[in-house]
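We did not get these values from a lab; they are worked out from the coordinates using the rules stated. Predicted, not measured: the structure shown is a model, and the values here were computed from it. Positions of Cβ are generated from backbone atoms using ideal geometry, with glycine treated the same way; all protein chains shown enter the neighbour counts.
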Amino acid sequence: VHNSDAIQLQIEKTQLDNDIELASNIQGFLLPKQFPPCDHITFATHYTPAQKVGGDLYDVFSLDDKTIAFAIADVSGKGISASILMAICQTHLRHFAKQHRSPSKVLSLINSAMERTMQRDMFITMVYAVIDLETEQLSLARAGHELPIFYDQYSAGGLNVGSIQSPGMAVGMVPAEVFDRIIQDTSIHFGSKDALLLYTDGITETLNHQGEEYGSERLTELVRSHGDKDAQTIIDQTLDSVHHFSQGSGQLDDLTLIAVKHA
């Protein structure tokens, strides 16, 4: 009887492992590997889940020949439940992005749509942005997510590197009337040599053996040092810096990055 129970448990574990592996593969298909072609703006991304499947999301897609949209999001928690919520969020994003060009309006609609399907203890932080390739205007809205870091090569006073401030609450955290009242669009000129880095808190909350966090200040200084490089190099340098800082202490959360670079 004991051997029979052990065999049954092993069969169930194998089936569970197979299901998780399948979920991981499906999640991989949902995250784009190729991005809309553009002569002067390039994208690079990175995603490493803390477990087989994770709750982070990135997406980059065309709205038309003159407009590219991109987003990064972080579902509270990890594992299969977070990955399912992430997939639902991406579906809503693609749907509402085709209907409205205002990032804040898209996030408001996502919040309203997901409010009915999310548990009370779950929420999603998110940044959604749209670039007009002709006017070089970049508009974004932020639903409680980490502040994007902007490398402004030709600002009025020379090089300027810092966070883009944009108000907003996390999706699923507050009722629609509160969410809609707070969130708003923020626009910048995204011109020659500029760069933008979006990231999830798995980056800034990475710990070293002393229990110290990597933090947003280190990340800002890294962008200051490498923002003149191409998008993939910005991603690579960020990951190298985070891994060196952590001293092999292990990955506790999903790590997700989007770098955008203007030629």
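Before moving on, here are some points about what is shown:
- Take each peptide in 193-201, 214-222, count the other Cβ atoms within 10 Å of every residue, and average; sorted highest first, the result is 193-201, 214-222.
- Additional length obtainable on full extension of the chain from Ala263 to Thr117, 0.36 nm per residue less Cα span: 48.4 nm
- The stretch between Asp132 and Leu30, if pulled fully straight at 0.36 nm per residue, gains 34.3 nm over its current Cα-Cα span.
- The chain: relative contact order as a whole-number percent, Cα under 8 Å and 6+ apart: 22
- Lysine pairs in the chain with Cα atoms under 17 Å, if 8 or more residues apart or on separate chains: 8
- Ellipsoid fit via the Cα gyration tensor, the chain: semi-axes of 33, 23, 17 Å, each the root of five times an eigenvalue, largest first.
- Peptides 152-160, 87-95 ranked from most to least packed, by the mean per-residue count of other Cβ atoms within 10 Å: 87-95, 152-160.
- Helical mean residue ellipticity (222 nm; -39500 (n - 2.57) per DSSP H run of 4+; nearest 500) of the chain: -12000 deg cm²/dmol
- Counting 0.36 nm for each residue step from Asp230 to Ser246 and taking away their Cα separation leaves a gain of 3.3 nm.
- Using C-alpha pairs below 8 Å separated by at least 6 residues, the relative contact order for the range 149-234 is 31 percent.
- For the chain, the longest principal axis of the Cα atoms and the long axis of helix 231-246 meet at an angle of about 50 degrees.
- Nearest-ten-degree value, helix 2-30 long axis tilted from longest Cα axis of the chain: 20
- With the convex hull drawn around the C-alpha atoms of the range 119-263, the volume per residue stands at 123 Å³.
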